[in-house]
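The values are calculated or read from the model by the stated rules, or taken from the named source; none is laboratory data. Owing to the predicted nature of the structure, the values given are computational and were not obtained by experimental measurement. Cβ: placed from backbone, ideal geometry, glycine included. Neighbour counts: every protein chain shown. Remember, those area values only see protein heavy atoms, side chains included, never the ligands or the DNA or RNA. Shrake-Rupley method; radii C 1.70, N 1.55, O 1.52, S 1.80 Å.
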Amino acid sequence: MQAILKQSLPLYRSLHPSWQTIIGQEFEQPYMQRLAAFLNQEEVSGKVTYPPSPLIFNAFNHTPFKQVRVVIIGQDPYHGDGQAHGLSFSVPDGVKPPPSLANIFKEITADLGITMSGSGDLSPWAAQGVLLLNATLTVEQANAGSHQKRGWETLTDAVIAALNAQQESLVFVLWGSYAQKKGAAINTAKHLVLQSVHPSPLSAYRGFFGNHQFSQINQHLIQHRQQPVDWQL
């Protein structure tokens, strides 16, 4: 990795070693150099970026490459204070679950008959091999979508491509048109791809509720001689 320019080294070093092996070469590409420069300039100009720098790669650091069994693709980190911590749809313990996450919990309860605690911290899922991957890994405070098309999407496309090519029998969960486009190239002969509308209150009643995808994920894992995910929080 000696060719990596100085400005991207902090990002690279904060990435789990297993993922460095898989996507480390991306950090040498011009788009990552531009992204690192952009993030540095945002900091210098005094803008607040979420999640905090040590948590940008939280999803990867909670779920090493070979431990991935399920991938849930989100779009942007939350842009409110204290919400984003590097896992798609998740908020730290003690933060009220946003509406989409609350709807996810409702579907889990309806699908599996389990009661959720109210904690929105999905870290226990990540520890069981659920990669909670946002397409864009940072955002400016109170400015949704502000870091889109800066390079993160190219990096996360590389993540999905590596999982698609190098792993077997994963479950990819694509909620909403954005995630479905992001996962369009996934090999459905190798992996289970589950799709539905987004859990947002704007769309959840048009097919998210009642999709029974959490039980489908566990059925797939059991069929492939793996432990089911314990979704209860």
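What the table shows:
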{"quantity": "Given (1) at pLDDT 95 or above; (2) open to solvent by less than 20 Å² (accessible area, probe 1.4 Å), index of the condition residue 55 fails", "calculated": "(2)"}
{"quantity": "Residues being more than 23 Å from residue 64 (Cβ to Cβ) and surrounded by 13 or more Cβ atoms within 10 Å (Cβ to Cβ) - total across region 10-34", "calculated": "3"}
{"quantity": "Matching entry among 89, 27, 60 (being within 23 Å of residue 146 (Cβ to Cβ) and in contact with a Gly (Cβ under 7 Å, 6 or more places away or on another chain))", "calculated": "89"}
{"quantity": "Selection from region 85-111 of residues that are crowded, with 16+ Cβ neighbours inside 10 Å, aliphatic (A, V, I, L, M) and not in a loop (DSSP other than H, G, I, E, B)", "calculated": "101, 102, 104, 108"}
{"quantity": "Boolean, residue 199 is over 14 Å from the mean Cα position of the chain (by Cα), without any contact (Cβ under 8 Å) to a residue 12 or more places away in the chain and under 17 Å from residue 72 (Cβ atoms)", "calculated": "no"}
{"quantity": "Residues being touching a residue at least 40 places away in the same chain (Cβ under 8 Å) and either of a type in the set (Val, Ile, Thr) or in a loop (DSSP other than H, G, I, E, B) (or both) - total across region 36-69", "calculated": "10"}
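Rundown of residues vs (1) among the hydrophobic types (A, V, I, L, M, F, W, C); (2) open to solvent by less than 60 Å² (accessible area, probe 1.4 Å); (3) at pLDDT 95 or above, yes/no style:
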{"residue": "178", "(1), (2), (3)": "no, no, yes"}
{"residue": "189", "(1), (2), (3)": "yes, no, yes"}
{"residue": "197", "(1), (2), (3)": "yes, yes, yes"}
{"residue": "209", "(1), (2), (3)": "yes, yes, yes"}
{"residue": "221", "(1), (2), (3)": "yes, yes, yes"}
